[in-house]
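Worksheet: the structure to be examined is printed underneath.
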Amino acid sequence: MFETLTVRTSKRAEMIDITDRIQDLVHGSDAADGCAICYVPHTTAGITIQENADPDVVHDILYKLEALVPHHDPNFRHGEGNSDAHIKASLMGSSVTVPFRGSAMVLGTWQAIYFCEFDGPRSRNLHVKLIKG
Amino acid sequence: MFETLTVRTSKRAEMIDITDRIQDLVHGSDAADGCAICYVPHTTAGITIQENADPDVVHDILYKLEALVPHHDPNFRHGEGNSDAHIKASLMGSSVTVPFRGSAMVLGTWQAIYFCEFDGPRSRNLHVKLIKG
Amino acid sequence: MFETLTVRTSKRAEMIDITDRIQDLVHGSDAADGCAICYVPHTTAGITIQENADPDVVHDILYKLEALVPHHDPNFRHGEGNSDAHIKASLMGSSVTVPFRGSAMVLGTWQAIYFCEFDGPRSRNLHVKLIKG
């Protein structure tokens with residue numbers, strides 16, 4: 001199964017919880033067991049798995065990424081002015097892989113899948129591929 | 001095949017070599033060829049593949065992660081005081097995927113799979129999913 | 001399908017676009033749909049997916065990684081003097097997973113797969129495993 005979701009972002013940097021949308025795809029597929037590969041086809045957005053109980057965790061992650069890789073740096077050469085977003089995307093990574101069993105992802109109690117926007121707001125895509133097994 | 005291993009950690013930040021335990025699962029399965037997905041269901045622990053020949057490499061990684069993302073930061077809002085651990089976990093990632101052939105993972109000569117504890121000591125879980133193919 | 005590619009690097013730190021070589025493997029396989037796992041069996045090299053339209057993006061990533069993790073640090077203990085390369089490799093990660101459909105990887109418009117050398121120049125290997133599904 002292969003599906004493409006649309007993710008609308010509303011800020012330059014933002015982490016959006018997309019867990020339920022991916023779980024719906026897993027639940028609706030004919031595969032009970034396997035792996036879900038969530039793939040971001042962009043170079044200024046990434047994806048990570050993090051806590052969704054306290055929104056301050058997301059705040060602190062975005063704060064620290066900006067502290068480590070500020071938007072503007074006089075040594076950046078890329079003319080679009082978004083090199084920081086490219087770097088943050090590579091630090092988070094372009095995909096996550098989550099096993100599922102009995103049509104449910106084996107996420108930990110506090111885990112959620114976050115689409116990481118670093119150069120929004122934009123309309124983004126997320127590919128979800130399910131591999132049975 | 002899906003198995004859950006328990007990993008006991010003994011320090012706040014620690015990298016524990018779990019290669020042999022995963023290789024045992026690969027060896028004991030009926031799949032000769034495929035991929036092993038090693039998945040951490042926690043938000044303050046991660047997983048990475050690194051050198052196990054010289055323990056100073058692990059020291060230097062943990063030292064540098066702490067230098068980049070110190071435990072305490074006056075701008076962190078998360079009340080549990082472990083925002084650094086969440087950030088380090090996302091920087092390392094929540095899973096690694098390692099191909100195997102003839103029931104052996106194709107790790108490089110110096111490579112080992114490390115469970116990365118950033119907010120221990122705790123008892124942790126690690127899910128291992130094998131996909132044939 | 002499992003193949004090993006050789007990647008020759010010419011600098012200490014370098015990102016080499018290997019997209020076409022992986023796409024050729026996908027195209028030449030008997031699997032129309034599935035996932036390509038690109039795995040680096042080294043501990044001082046990594047892999048990431050980034051923009052290949054403007055080479056300044058690669059420049060800025062390598063610049064910033066070196067700014068965050070300089071080659072020399074008086075607190076590093078590892079005797080080989082390449083701890084920075086180990087850390088950069090773990091920050092980028094040891095593998096990427098890319099879905100493919102109709103024998104083509106679903107890369108975004110600006111995406112390319114980059115082998116990330118952090119302690120070259122060397123001759124390196126890259127394992128490519130295709131999982132059908």
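Taking a ≥ b ≥ c as the square roots of the Cα gyration tensor eigenvalues, with a/c under 1.5 meaning rounded and otherwise prolate when a/b beats b/c, else oblate, which class fits segment B:44-110? Before the final figure, lay out each step's value.
Numbers: a/c = 4.74, a/b = 1.97, b/c = 2.41.
Oblate.
Once Lys and Arg get +1 and Asp and Glu get -1 on their Cβ, which of A:49, A:107, A:26 lies farthest toward the positive end of the dipole of the protein assembly as shown?
Positive-most Cα among the choices belongs to A:26.
Taking the Cα centre of segment C:2-132 as origin, sum charge times position over the Cβ atoms of Lys and Arg (+1) and Asp and Glu (-1), and report the length of that vector in debye to the nearest 20.
Values: 12 positive and 17 negative charges, 75 e Å.
Taking the Cα centre of segment C:2-132 as origin, the dipole is about 360 debye.
With +1 on each Lys and Arg Cβ and -1 on each Asp and Glu Cβ, and nothing else charged, work out how big the dipole of the protein assembly as shown is about its Cα centre, in Debye to the nearest 20.
Numbers: 36 positive and 51 negative charges, 112 e Å.
Here the size comes out at about 540 debye.
Counting only other chains, what is the mean number of Cβ atoms within 10 angstrom of the Cβ of each residue in peptide A:52-60? Please report the intermediate quantities before stating the final value.
Values: counts 1, 2, 6, 2, 7, 11, 3, 5, 11.
Shielding by partners across A:52-60 averages 5.
Run the quick spin-label model on residue C:5 and residue B:122: label points 7 Å from Cα toward the beta carbon, then report their separation in nm to one decimal.
3.7 nm
Could you identify which residue out of A:12, A:77, A:122 has the top mean-square fluctuation in a GNM of chain A using Cα springs shorter than 10 Å?
Fluctuation is largest for A:77.
Could you check which residue among B:120, B:34, B:81 shows the biggest mean-square fluctuation in a GNM of chain B with a 10 Å Cα cutoff?
Result for chain B, Cα springs under 10 Å: B:81 fluctuates most.
Give the residue from A:59, A:131, A:121 lying farthest towards the positive end of the charge dipole for chain A; charges sit on Cβ (+1 for Lys and Arg, -1 for Asp and Glu) and the dipole is referred to the Cα centre.
Of the candidates, A:131 comes out farthest on the positive side.
Grab the DSSP H runs of chain C that are 4 residues or longer, score each as -39,500 (n - 2.57), total them, divide by all residues and round the 222 nm result to the nearest 500 deg cm²/dmol.
Working: 3 runs with 34 residues, N = 133.
Roughly -8000 deg cm²/dmol at 222 nm, from the helical runs in chain C.
What does the average come to when, for each residue of peptide C:27-39, you count the partner chain Cβ atoms lying within 10 Å of its Cβ? Show your work: numbers first, answer last.
Numbers: counts 0, 0, 0, 0, 1, 0, 4, 4, 11, 0, 9, 2, 11.
For peptide C:27-39, the averaged partner shielding equals 3.
Give me the inter-chain shielding for C:78-88: mean count of other chain Cβ atoms within 10 Å, whole number please. Write down the numbers at each step before the final one.
Working: counts 9, 2, 5, 0, 3, 9, 2, 0, 11, 9, 1.
For peptide C:78-88, the averaged partner shielding equals 5.
Quick one: grab the alpha carbon gyration tensor of the protein assembly as shown, order the square roots of its eigenvalues as a ≥ b ≥ c, and give me rounded if a/c is under 1.5, else prolate or oblate depending on whether a/b is larger than b/c. Display every interim value, and only then the final one.
Numbers: a/c = 1.13, a/b = 1.13, b/c = 1.00.
Here the protein assembly as shown falls in the rounded category.
Any idea of the accessible area per residue across chain C, 1.4 Å probe, to the nearest Å²? Intermediate results must be reported in sequence, preceding the final value.
Working: 4950 Å² over 133 residues.
With the other protein chains kept in place, chain C gives 37 Å² per residue.
Between A and B, buried accessible area summed over both sides at probe 1.4 Å, in Å² to the nearest 100?
2500 Å²
Note down the magnitude of the dipole of segment B:18-93 about its Cα centre, charges +1 on Lys and Arg C-beta and -1 on Asp and Glu C-beta and zero elsewhere, to the nearest 20 debye. Mind showing how you got there, number by number?
Working: 4 positive and 12 negative charges, 74 e Å.
Value, rounded to 20: 360 debye.
Between copies, how close do the residue B:74 label points come, placed 7 Å along Cα→Cβ, listed in nm from shortest?
2.6, 2.6
How much net charge surrounds residue B:42 when only other residues with a Cβ under 11 Å from its Cβ are counted (Lys, Arg +1; Asp, Glu -1)?
Working: positive: B:122, B:124; negative: A:51, B:117, B:119.
Summing Lys and Arg as +1 and Asp and Glu as -1 gives -1.
The values are calculated or read from the model by the stated rules, or taken from the named source; none is laboratory data. Predicted model only: the values in this text are computed from it and were never measured. With ideal geometry, Cβ positions are generated from the backbone for all residues, glycine too; neighbour counts draw on all protein chains shown. Protein only, heavy atoms only, side chains kept; ligands, DNA and RNA dropped before computing areas. Shrake-Rupley method; radii C 1.70, N 1.55, O 1.52, S 1.80 Å.
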